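These notes concern the structure reproduced below.
The values are calculated or read from the model by the stated rules, or taken from the named source; none is laboratory data. Everything numeric in this text was worked out from a predicted model, so none of it was measured. Methodologically, a virtual Cβ is constructed for each residue, glycine included, from the backbone with ideal geometry; neighbour enumeration extends over all protein chains shown. Accessible surface areas use protein heavy atoms only, side chains included; no ligands, DNA or RNA. Shrake-Rupley method; radii C 1.70, N 1.55, O 1.52, S 1.80 Å.
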Amino acid sequence: MPNTQAVRIDPKTGTLIRQGVPSIINPPDLAAVELALRLRDQYGGEVIAVTMGPPPALKGLEHLIGMGVDYGYMFSDRAFAGADTLATSYVLSEGIKYIERERGRVDLALFGQETIDSSTAHIGAQVASWLQWPYVYYVRKAAISDGRLVVERTVENYIETYELPLPAVASVAIRAFKPREVTLSGKLRFKRERPYKIVSNKDLGLDPRCVGLKGSPTIVAKVTYLPEIPRRAEVYRPRDPRDGARWLLRKLLTDSETRDLILKALWGG
Amino acid sequence: MGRVDCEKICSLWPCEQPEEFRNVWVVAELDERGISEASLQMLTPARRIADKLGEDVVGVIAGPPGASRLAGEMIERGADEVIVVEHERLSEYYPDVVGSVIVELSLKYKPSVILFAATARGREMAPYVANTLKTGITADCTDFDVDPKTKDVLLIRPPFSAIMLAYIRTPFRRPQIGTARPNVFPLPERRQERQGRIVREEVEPPEPMTRLVNRVKIPRSEVPIEKAEVIVSGGRGLGSPEGFRILEELAQLLGGVIAGSRKAVDAGWIPPERQVGQTGKSVKPILYIAVGISGSAQHMVGVREARRIVAVNIDENAPIMRQADYALVADYREVIPALIEELRRLKEE
Ligand SMILES: Cc1cc2nc3c(=O)[nH]c(=O)nc-3n(C[C@H](O)[C@H](O)[C@H](O)COP(=O)(O)OP(=O)(O)OC[C@H]3O[C@@H](n4cnc5c(N)ncnc54)[C@H](O)[C@@H]3O)c2cc1C
Ligand SMILES: Cc1cc2nc3c(=O)[nH]c(=O)nc-3n(C[C@H](O)[C@H](O)[C@H](O)COP(=O)(O)OP(=O)(O)OC[C@H]3O[C@@H](n4cnc5c(N)ncnc54)[C@H](O)[C@@H]3O)c2cc1C
């Protein structure tokens, strides 16, 4: 994904201005990669990283393979540009089927909890809907037992344990797993073996009306600035801490919005 | 309203005309108390959209036998009609099981809009529903409007920069689906005299593929930040987790709770469920005291509904100083203890 700290939206088209913006891996996705690597280290198998994006996304695969991911797929085509979450999830789920044709059965598709740009958290559930696989969000612990996925997650005030038949989709809670570092041998493996494949829409063979901008039911009609809420903006530079405390209390006690609240806190009610 | 050219749209989408769809749905999320407050809040924008479209607000309840007793509250808070599905298999929430019921109902009744609360569960279920219907979904809306010409709903949401708003349309597909975070919209008043229809539907939910093995309640004594009247919030400027002990003392004196910026959460000084802002929670206290917080757009978007904002910052030029009602240019390590002392002194008087 583009580095969102630097990204801007084109006010005319409502799309991202990606020029000159460095590509980074969505940070929450690293937790998902870390979980995938741990599951592989414990139970065997292969970890495959999947991305849909323009050519700079290859940098991301380089990083992930450096961390120890076995193989990468990049679904990249001009036809995929401008995708909303429905069209993105369609390519990703067809991508999973493509990978199954090339490398055998996929048991588990892991996602980050959400991206830090549009942070919709849609993609995991949408991929599950396309593939008709069971799914669960916000995973903090995971194990495989008797060919089933057992996960623990936290929602609101509950810790829940779920069991899912494989294949399944799961999203991993933000910060749940601390990602490992890139190793030198991993970096070298990327350079020497090129353990990745770039796949175009010709390879996937999807109806061009179903991908990218054309396959996106939502369109950004316009972008504007959020109106500011007017605030009093009374700034005070106190002589000493006590003066500051008294100034603030005086303000809060003479302001009809906060007066009762402060009185209640002081003398109960 | 334009006609959809069936040749032009994706072959996987059913081709339907927008004018076949009517009414604004609110899907009720059930919790141990009944309908979650966050989903009842969605009746506020639903009412506004429906009035602009000249259509009805319809509540949808998919729950265990007996769930129909909850329909009255949706009517009293603004629904004209409530569709209820009761089934043993809906006693446990599974996003795909409840989601499939909503999909079935939507195929039958063809609503033009479906709104979900973007709670943890709502965020898990709503995209499943949208995708199964092959329609668009807009996450975390902060406002809605209706384009008077096309009758499309404009789903308005802040993208990453938090100061920009994107107006999103779903021109070729129905229903138009949107979610909003808890507390972005107020809870509509409960008016006992409001009348509405209750419609019972028979839908056979699918067998769950997933199995809930165990659920443990996390004991939490503190008031959640989204319900607090006073919030004392700390940022990276606190410099260490000990800073939060001083804030805690102030919060207790004021009958409030503590919260933090994302930097404070990232540092591990305060748990993630107490993060305020774009990727945390929206709060609506009467008084929000921001200590050592610079006032980034992503933080401030979470306190738009705060009645009064106080800032304590050593930097007079920090952006928060212009976005607060009362701002103290001071080192918090000095001024917060002084404030605590003043409050104690007044209390004793
Ligand atoms: C201003 C603006 C607002 C937008 N709002 C919406 C909206 O409300 N609804 C909508 O449908 N679209 C929206 N979009 C489009 C959306 O940003 C893109 O479709 C994007 O590709 C999907 O990413 P996400 O941030 O929604 O993903 P999320 O669902 O938040 O991502 C969850 C996980 O899915 C995986 N994932 C996501 N994208 C990819 C990918 N390309 N390759 C591999 N894995 C991936 C990652 O593991 C990620 O952590 C918006 C775009 C803009 C510019
Ligand atoms: C997509 C995205 C989503 C985000 N979501 C959120 C979100 O939900 N919530 C959120 O908070 N942030 C969010 N952020 C991060 C946000 O951009 C800021 O980085 C963050 O809010 C800054 O936190 P802060 O104010 O605590 O720290 P800083 O910006 O580092 O500010 C620290 C402040 O403390 C002051 N200070 C230092 N010492 C003292 C002292 N002794 N006494 C008093 N004041 C002192 C400094 O002058 C400074 O103003 C998001 C960012 C992105 C890109």
Practice problem: Amide H neighbours of A:Tyr73 under 5 Å, at least 5 residues apart or on other chains, H built in the peptide plane: list them. | Solution: A:Ala49, A:Val50, A:Thr51, A:Lys197
Quiz item: For the Cα atoms of chain A, what angle does the longest principal axis make with the long axis of helix A:58-67, in degrees from 0 to 90, nearest 10?
Solution: 90
Practice problem: Report, to the nearest 10°, how far helix B:243-253 tilts away from the longest principal axis of the Cα atoms in chain B, using its own Cα long axis and a range of 0 to 90°. | Solution: 80
Quiz item: Under 5 Å between amide H atoms, partner at least 5 residues away or on a different chain: which partners does B:Val82 have, H built in plane at 1.01 Å?
Solution: B:Gly59, B:Arg197, B:Ile198, B:Val199
Quiz prompt | A:Val139 long-range amide H proximity, modeled H, under 5 Å | solution = A:Ser171, A:Val172, A:Ala173
Quiz item: Averaged per residue, what accessible surface does the range A:57-213 expose to a 1.4 Å probe, in Å²?
Solution: 42
Quiz prompt | Inter-site label distance for B:Lys227 and B:Glu16 at 7 Å from Cα along Cβ, in nm | solution = 3.8
Quiz item: Using θ = phi - 60° and the Karplus form 6.51 cos²θ - 1.76 cosθ + 1.60, what ³J(HN,Hα) does each residue of the range B:86-96 get, whole Hz, x for Gly and Pro?
Solution: 10, 7, 3, 5, 9, 5, 9, 7, 10, x, 6
Quiz item: For the cross-link pairs A:Lys97/B:Lys134; A:Lys97/A:Lys187; A:Lys222/B:Lys284; B:Lys110/B:Lys227; B:Lys263/B:Lys284; B:Lys110/B:Lys151, which exceed 24 Å when the distance is taken from alpha carbon to alpha carbon?
Solution: A:Lys97/A:Lys187; A:Lys222/B:Lys284; B:Lys110/B:Lys227
Quiz prompt | Within the protein assembly as shown, percent of DSSP bridges classed antiparallel, to nearest 5 | solution = 35
Quiz item: Once phi is turned into ³J(HN,Hα) by the Karplus curve 6.51 cos²θ - 1.76 cosθ + 1.60 with θ = phi - 60°, what whole-Hz value does each residue of the range B:189-197 show in order, with x for glycine and proline?
Solution: 4, 8, 10, 4, 7, 5, 10, x, 9
Self-check item: Percent accessible area from carbon and sulfur atoms, the range A:8-210, protein chains only, probe 1.4 Å
Solution: 52
Exercise. On the full set of protein chains, 1.4 Å probe, figure out the accessible area of A:Leu213 and give it in Å² to the nearest 10.
Key: 110
Self-check item: Distance from the range B:271-317 to the range A:178-245 (C-alpha centre basis), Å
Solution: 22
Quiz item: What list of ³J(HN,Hα) values in whole Hz, one per residue of the range B:133-138 in order, does the Karplus curve 6.51 cos²θ - 1.76 cosθ + 1.60 (θ = phi - 60°) give from phi, with Gly and Pro shown as x?
Solution: 7, 6, 10, x, 9, 10
Practice problem: Summarise the accessible area of the range A:228-269 (1.4 Å probe, protein heavy atoms) by the percent that is carbon and sulfur. | Solution: 48
Quiz item: B plus A alone minus the pair: what accessible area, both sides summed, probe 1.4 Å, in Å² to 100?
Solution: 8500
Quiz item: Per the Kirkwood definition applied to all pairs of different Cα atoms, how many angstroms is the hydrodynamic radius of the protein assembly as shown?
Solution: 25.8
Quiz item: Any idea how far apart B:Arg344 and B:Glu207 come out in nm if each label point goes 7 Å out from Cα toward Cβ?
Solution: 6.5
Quiz item: Going by a 4.7 Å Cβ-Cβ cut-off, which cysteines of chain B have no partner at all?
Solution: B:Cys141
Quiz item: Leaving out ligands, DNA and RNA, what percent of the accessible area of chain B is carbon and sulfur, probe 1.4 Å?
Solution: 49
